[in-house]
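What follows is a short report on a single structure.
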Amino acid sequence: MVDEQNYYREITPSGFGIAIKVKEILFSTQSKYQKVEVLETESSLGKILTLNDLMFVTEGDAYHYNEMITHLPLLSHKNPKNVLIIGGGTGAATKEILKHKSVEHVVVVDIDEVVVNTCKEYLPEIAGCLNDERVTVEITDAFDYIKQTNKKFDVILITSPDPLGPGVGEYTSEVYQNLKRLLNPDGIIVMQSESPVANEQKSKTLYASLLKNFEIVKTYTSPVPTYPGSCWAWVFCSDSVNPLDNYDEQRYEEIIKNCKLFTKKYAEQRLEQETLLDDLI
Amino acid sequence: MAEEELYYKEITPSGFGIAIKIKEVLFSEYSKYQKVEILQSDSKLGKILTLDDLMMATEGDEYFYHEMIAHIPMMNHPCPKSVLVIGGGDGGTVREVLKHKTVEKVVLCEIDKMVIDVSKKYLPTIACELDNPKVEIKVEDAIEYIKDKKDMFDIILIDSTDPMGPGVGLFTEEFYTNVMNSLKEGGIMVAQSESPVANEDEIKHMYKLLKKVFPIVSSYTSPIPTYPGGYWAWAFCSKTVKPLSYIDEERCAEITKQCKIYNKDYHMARFALPTFLDDLTQA
């Protein structure tokens, strides 16, 4: 929410969070599912999109989150052609994925058309890629989509907090079965797993259930300046592929040229945990 | 600054920063040098210390910073015996340094006695080692203190405030030169170097100065939930020692047991910088 002094403020259950100077509210509406707002900030973050008063994406630091959730799994896959993004209505992850030449088709599933259209209008630099011919946007419930589709994917990214259940850590076995059904052999799933600092209990529940469902479960972290707690974690899951397997120097070089954050060394070392997180998982 | 609806807010020059729910202001006074405040937050961060309305330490997350400033250089030295901490009056850095059994003496050079006294009173889990007999507290200006201390220290840690207010003289070529001369053979200096996403200009300037003085200058980073931008950089500097050139395995295993963040793998990973920060510190 924007307070009386024109600061966007977001406080986690832990009692702390972020504050951003706001110039004006460019757009605010209540969609069928949520409150959708675009704020013009007076900061290096530029415009920001919030959903139900929770930070979703900023022009200025989108790359922190999206380089990390995309390039690590895609570069670990031998030849990623088909990618599914659940909850990717902003286009921020899609933008990174299209940097990979092997990719032929990206399916973006988002329940809320208002989010997609708002991003296309107000955040064209992020959402413009959704008009790319390799991209299909499916406006539907992610849960229904994974149950009904017969498409197969090499990489599946779950980018939004709770697209498949009431909250992180509460995926049902039906969800897991469907996700696995959609994966090609040697497929990879990466999901965001919240801030290990601000949401300890949630992270714990999620890891426990993933370990029951996948052979390989590896966590990695990287800072995301505008997310509460600011240290963010993702989980890499597969039955046969380890993170950074299938190293192809040419592919790395090509991607790294176009990145602000990502290098091979940086990626490798993202998988080293602090003791805190090791204990948690 | 605790405002009416009781949120502590700290906004960087980049226009964004942190907000923390506050229950009450426990202490607020102007020392000779700065405004010193202790706030009781209504959050898992517990009590927090601010100087001139800038976040210094919280009970809840101070270890993110203190473990990183201390153990990265300490573990890279085969036998650190004498350590100088500049600034750091809250005692958190001293506490981490003393986890190393090799240490015989830690000098804490803090200009502001009020910071030390307030920390001892309100932040006992952070200031707990300040009365340790190995610690010598000098309430002095480090700029003067360091001038005649040739070849005295194995490790020097600059745990300063930001490059404004009383800390400003700690970000100069002259000061860095004196620091280098105070290091013994094989010595290492680490200085806090601000947030890579909120203080780009300060970082650029600082690394440029450091490189004029020290033959070896590297940067490492780690997340800090309550510092603006969410993560922090430190400069690792030496005449002869490269980062990661040595790690004391035995001490490392011993100290990891007493840490929440630090471990060997995590240490090894600190020097892999995101591309944009690499550019910033190499400029």
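Please treat every number below as a calculation from the coordinates, not as lab data. Note that this is a predicted model, so its numbers are computed, not measured. Cβ atoms come from the backbone with ideal geometry, glycine included; neighbour counts cover every protein chain shown.
Return the FRET efficiency for the residue pair B:E140, B:S245: r is the Cβ-Cβ distance, R0 is 22 Å, and the value is rounded to the nearest 0.05. Intermediate values should be presented prior to the final figure.
Numbers: r = 33 Å, r/R0 = 1.49.
Efficiency for this residue pair is about 0.10.
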Discussion item. Please list 3J(HN,Hα) in residue order for the stretch A:108-121, calculated via the Karplus relation 6.51 cos²θ - 1.76 cosθ + 1.60 where θ = phi - 60°; whole Hz, with x for glycine and proline.
Written reply: 9, 10, 9, 6, 10, 5, 4, 4, 4, 5, 4, 5, 4, 7
Fill in: CD proxy at 222 nm, helix term only [per DSSP H run n ≥ 4: -39500 (n - 2.57); per residue of chain A; nearest 500]
-9000 deg cm²/dmol
Practice prompt. Sticking with the crude label model, points 7 Å out along Cα→Cβ, report the distance from A:D239 to B:K81 in nm, one decimal please.
Written response: 6.1
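What does DSSP give for the protein assembly as shown in terms of the percent of beta bridges that are antiparallel, rounded to the nearest 5?
On the way: 73 of 111 bridges.
Roughly 65 percent of the DSSP beta bridges within the protein assembly as shown come out antiparallel.
Quick one: net charge around A:V114, please, counting Lys, Arg +1 and Asp, Glu -1 for every other residue with C-beta under 14 Å from its C-beta.
Numbers: positive: A:K32, A:K35, A:K120; negative: A:E37, A:D110, A:D112, A:E113, A:E121.
Neighbour charge sum, excluding A:V114 itself: -2.
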Fill in: Packing rank of B:44-52, B:60-68, where each peptide gets the mean count of other beta carbons within 10 Å, highest leading
B:60-68, B:44-52
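What is the sum of charges, Lys and Arg at +1 and Asp and Glu at -1, for the other residues whose Cβ falls under 14 Å from the Cβ of A:S238?
Within the 14 Å Cβ shell, the charges total -2.
With +1 assigned to the C-beta of every Lys and Arg and -1 to the C-beta of every Asp and Glu, and no other charges, what is the dipole magnitude of the protein assembly as shown about the Cα centre in debye, to the nearest 20? Write out the running numbers ahead of the final one.
Values: 60 positive and 87 negative charges, 263 e Å.
The calculated dipole for the protein assembly as shown is roughly 1260 debye.
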Item to complete: Excluding residues fewer than 8 places away in the same chain, name every one of the aspartates and glutamates whose C-alpha is closer than 17 Å to that of B:K47.
Response: B:E3, B:E10, B:E24, B:E29, B:E37, B:E59, B:D61, B:E62, B:D90, B:D117
Item to complete: May I ask for the distance between the Cα centers of the stretch B:86-106 and the stretch A:96-144, given as a whole number of Å?
Response: 52
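Taking the highest mean first, how do the peptides A:116-124, A:217-225 order by number of other beta carbon atoms within 10 angstrom per residue? If you can, show how the numbers build up before the last one.
On the way: A:116-124: 18.8, A:217-225: 23.2.
Top to bottom by mean Cβ count within 10 Å: A:217-225, A:116-124.
Please label the shape of the stretch B:62-282 as rounded, prolate or oblate, based on the square roots a ≥ b ≥ c of the eigenvalues of the alpha-carbon gyration tensor (a/c under 1.5 means rounded; beyond that, a/b larger than b/c means prolate, else oblate). Could the numbers behind the result be given before it?
Working: a/c = 1.20, a/b = 1.10, b/c = 1.09.
Here the stretch B:62-282 falls in the rounded category.
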Worksheet item: Spin-label point model (7 Å from Cα, Cβ direction): what's the A:I216 to A:S28 distance in nm?
Response: 4.7
Discussion item. I need the peptides A:92-105, B:250-263 ranked by packing, meaning the mean over residues of other C-beta atoms within 10 angstrom, with the highest value on top.
Written reply: A:92-105, B:250-263
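Give me the extension gain from A:E133 to A:E121: residue separation times 0.36 nm, minus the current Cα-Cα distance, reported in nm with one decimal. Walk me through the numbers before you get to the answer.
Values: separation 12, 0.36 × 12 = 4.32 nm, distance 1.83 nm.
This chain segment gains 2.5 nm when fully extended.
Pop the C-beta distance of A:K260 and B:V168 into the FRET formula with R0 = 45 Å and round what comes out to the nearest 0.05. List each step's numbers first, then the result.
Working: r = 30 Å, r/R0 = 0.68.
With a Förster radius of 45 Å, E is 0.90.
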Practice prompt. Multiply the residue gap between A:E249 and A:T205 by 0.36 nm, knock off their C-alpha separation, and tell me the result in nm, one decimal place.
Written response: 12.2 nm
Worksheet item: Under a 5 Å amide H to amide H cut-off, with H placed in plane at 1.01 Å, what residues pair with A:V224 once short-range neighbours are removed?
Response: A:C231, A:W232
Discussion item. Skipping prolines and chain starts, which residues have an amide H placed within reach, meaning under 5 Å, of the one on A:L244, given they are 5 or more residues away or on another chain?
Written reply: A:S76
Response to the item:
Partner shielding of B:16-27, taken as the mean number of other chain Cβ atoms within 10 Å, equals 5
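Sum -39500 (n - 2.57) across every DSSP H segment of at least 4 residues in chain B, then divide by the residue count to get the 222 nm mean residue ellipticity, nearest 500. Let's see the in-between values first.
On the way: 10 runs with 84 residues, N = 283.
One gets -8000 deg cm²/dmol as the mean residue ellipticity at 222 nm.
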Discussion item. Please compute the average number of Cβ atoms from other chains found within 10 Å of each residue's Cβ in peptide B:266-279.
Written reply: 5
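Can you give the mean number of other chain Cβ atoms that lie within 10 Å of the Cβ atoms in peptide A:242-253?
On the way: counts 0, 0, 0, 0, 0, 0, 0, 0, 0, 0, 0, 0.
Partner Cβ neighbours, averaged per residue: 0.
About the Cα centre, and with charges only on the beta carbon of Lys, Arg (+1) and Asp, Glu (-1), how big is the dipole of the stretch B:62-282? Nearest 20 debye, please.
On the way: 25 positive and 33 negative charges, 104 e Å.
Its charge dipole is roughly 500 debye.
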